[in-house]
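A short write-up of the structure that comes next.
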Amino acid sequence: MGSQKSINHAAAADKFIANESRTDWHNASVSYLRKKRDVGAALVPEWETLRSLASGIKNNVLGNLDQYLEQFEKNAQANGVQVHWAVDAESHNRIVTSILERHKVKLLVKSKSMLTEECHLNPHLEARGIEVVDTDLGERIIQMRDEGPSHIVAPAIHIKKEEVGELFHDQLQSEAGATDPQYLTEVARQHLREKFLNCDAALTGVNFAVAETGGVVVCTNEGNADMGAHMVPLQIHCMGIEKIIPRQQDLGVFLRLLARSATGQPITIYSSHHQKPKEGGEMHIVIVDNGRSKHLGRDTFRNALKCIRCGACMNSCPVYRRSGGYSYGYTVPGPIGSILTPGFNLEKYKELPFASTLCGACSAVCPTKINIDEQLYKWRQKVYEEDYLDKTKETGLSVAGNVLSSAKKYKRASALMRWALKWMPRFMTHNRFNAWAKKRELPEVPGESFRDWYRKNRK
Amino acid sequence: MESTDARKSILESIRKHRPESSDIPAIPDFESPMSNIVFGFGEVAAANGSKVVHIDDPDQLQEVIKANFPDIGPVYSLVDQIPSTFQLREGAAPVDHQGIDLAILHAELGVAENGAVWVSTESMNPRILPFICEHLVVLLEKSSIRSNMHEAYKEINLKNIGFGVFIAGPSKTADIEQSLVIGAQGARSHTICLL
């Protein structure tokens, strides 16, 4: 730890916002998802009850995770499923590789899985001569562009249709200059159908793993996970340990929340329940820790493991919407990424808890009621305690702390500020030492303080 | 052996770090906001992009297919009233089902709140069928419609099946600039015949 370079969110966001109309477009696209979520949630009278239930079920899971995992394994094995355990990303990749090599797999089709992104499975397999094709349309687009996802539900939300048209023209020989999403989707359908018909194995992520039944549930709109998993004898499902839910009936709660929180749909088009291998086939489930069990021990932060990856927090976040997924430097961006990553590597991700206005919009929509904004605030304190705080932030904050802790000092300082902001030349406020003033203007300064105004106007 | 050691160390690490256990909440029954769940199911299914057709008798299926798919190619049917015209070789693999224009199968349940139907290996083989076909028709009895997912799961026993899926409409995507496109990787259309 500590050897990797820190993520500089502000610098990365700077690049993203250099094109203002594109930033506005991104903001509007992501906001649209949030608006649809609000409409979908409002149609369910018991919405808030469902959120409380989901949160309660997940609390129970965190307290009994070991037992549920053992129960899940036992039931899955009884179903004829082969269960594997991986402590970290490398061991996950080794396990998947050995299954694929045993079956002499040349072409693997993969549906969306943030876990395999987290583990960097694709480059690992490609280095061993196994072709990997991501089959979710958005994932395929970014794979062809040699990029990672910028959003966990809509991985290509940052890309314009003109760019998709060019990409498909270059790599799939579609018509030059095509921009019609219908046409471009059809091109991808034909391209991917050929991959499905010729693949040797399929790998999917997991939305929920049910301890009681030993099965996994995978949700997609395109049907790509199913086109792979049912096409060939060998199917592999990779999951983090926190994907466990106790009972079949709990699926009712989570499936009602997931798609509505993500896109406002009442449910994804396909909610597939994989229980047993197909006749003559093999079904493998790989259970991955990769830092999660350690995170479970952090009282203040363990709730982040309740995340069901709906993306509602990033859709609601004014910082994510205007800085883009890549500025976070991690597979899971946005508010949830900013509270997960410091647990993996505080020094590397120390900036992310500050990539927030602490407005709380994320916590207000989270379907499992994770206290994201509180955790962001608490991670900031951790960054300070561990002495990773950026020096300019530290100086400013310690002055602010001193002034704000004394009413007298505050009164004097605010009078001075009103005077200064009125008469100071612009370069004093707008300079390279004040990141806040980038792209922002100061409000006009009132002649009197609120305290004076209140005293005068109180009847 | 790597996996066995990993299992031990993951479970140990969880035991060391897990918080105190809390009770698992009981899931109550929720009343449907719909006054008529059959009507409501139809409305939501249509909003999802499904076509809903009402029939009084399974024999009317023939007419429905003729009217809605006049130029249809090879048909694969798991419903008595409609004959299959898709030719399959002995011991066919899932991949051999490529080329089915229309698949027709029984849906075991419908869910009013989200317009989804449940099909499982109890009534469907092979598993690839509802995904690989160009168009899908399901036959659903009105009496099999439940108000919400909680009620639907009460009727399902996952332990008894190999695979089961809620299908809520035609395959779709909005991955290019949020534009909704029907017919991504799976069936291009989804017709529900309500009996």
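Please treat every number below as a calculation from the coordinates, not as lab data. On a predicted model such as this, the values are computed, not experimentally measured, just so you know. Cβ: placed from backbone, ideal geometry, glycine included. Neighbour counts: every protein chain shown.
Please work out the FRET efficiency for the pair A:R193 and A:K5, using the Cβ-Cβ distance as r and a Förster radius of 30 Å; give the result to the nearest 0.05. FRET efficiency, A:R193 to A:K5: 0.10.
Shielding of peptide B:26-34 by partners, expressed as the average count of other chain Cβ atoms within 10 Å per residue Cβ, is 3. For A:K408, the aspartates and glutamates whose Cα comes closer than 15 Å to its Cα, not counting residues fewer than 8 places off in the same chain, are A:D452.
Calculated mean residue ellipticity, 222 nm, the protein assembly as shown: -12500 deg cm²/dmol, from DSSP H runs (n ≥ 4) at -39500 (n - 2.57) each, averaged per residue and rounded to 500.
Put the Cα centre of region A:75-151 next to the Cα centre of region A:26-49 and the gap is 31 Å. Protection proxy ranking for A:355-362, A:100-107, A:258-265, using the average of other Cβ atoms within 10 Å per residue and placing the highest first: A:258-265, A:355-362, A:100-107.
For A:K306, the lysines whose Cα comes closer than 18 Å to its Cα, not counting residues fewer than 8 places off in the same chain, are A:K58, A:K243, A:K294, A:K369, A:K378. The simple spin-label model puts a point 7 Å past each Cα toward its Cβ; for A:N457 and A:E131 those points are separated by 7.1 nm. Which aspartates and glutamates, if any, have their Cα less than 14 Å from the Cα of A:K382, not counting same-chain residues under 8 positions apart? List returned: A:D299, A:E347, A:E351, A:E374, A:D390, A:E394.
What angle, in degrees between 0 and 90 and rounded to the nearest 10, separates the Cα long axis of helix B:37-47 from the longest principal axis of the Cα atoms of chain B? Compared with the principal axis, the helix lies near 90 degrees. Between the helical axis of A:89-102 and the dominant principal axis of chain A, each derived from Cα atoms, what acute angle in degrees is found, rounded to the nearest 10? With rounding to tens, the tilt is 20 degrees. The angle separating the long axis of helix A:181-198 from the principal Cα axis of greatest extent in chain A is about 40 degrees. Per-residue shielding of A:36-46, expressed as the average number of other chain Cβ atoms within 10 Å of the residue Cβ, stands at 2.
One Cα centroid belongs to region A:202-281, the other to region A:339-379; the line between them spans 27 Å. Available extension along the chain between A:A400 and A:T300 is 33.4 nm, counting 0.36 nm per residue and deducting the alpha carbon span. Listing A:D66, B:D59, A:D38, A:D250 from fewest to most neighbouring C-beta atoms within 10 Å gives B:D59, A:D38, A:D66, A:D250. For region A:1-99, which trypsin sites (Lys or Arg not before Pro) pass both filters: DSSP loop (anything but H, G, I, E, B) and at most 16 other C-beta atoms within 10 Å? Passing both the DSSP loop test and the Cβ count: A:K5.
At full extension, A:E279 and A:R440 could sit 51.7 nm farther apart than now, given 0.36 nm per residue minus the alpha carbon distance. Using Cβ point charges alone (K and R +1, D and E -1), the dipole size of the protein assembly as shown about the Cα centre works out to roughly 3880 debye. For peptide A:69-76, the mean count of partner chain Cβ atoms within 10 Å of a residue's Cβ comes to 1.
Hey, how many Å between the Cα centroid of region B:112-156 and the Cα centroid of region B:39-90? Centre-to-centre (Cα) distance: 14 Å. If both residues of a DSSP beta bridge must be in chain B, then about 30% of such bridges are antiparallel.
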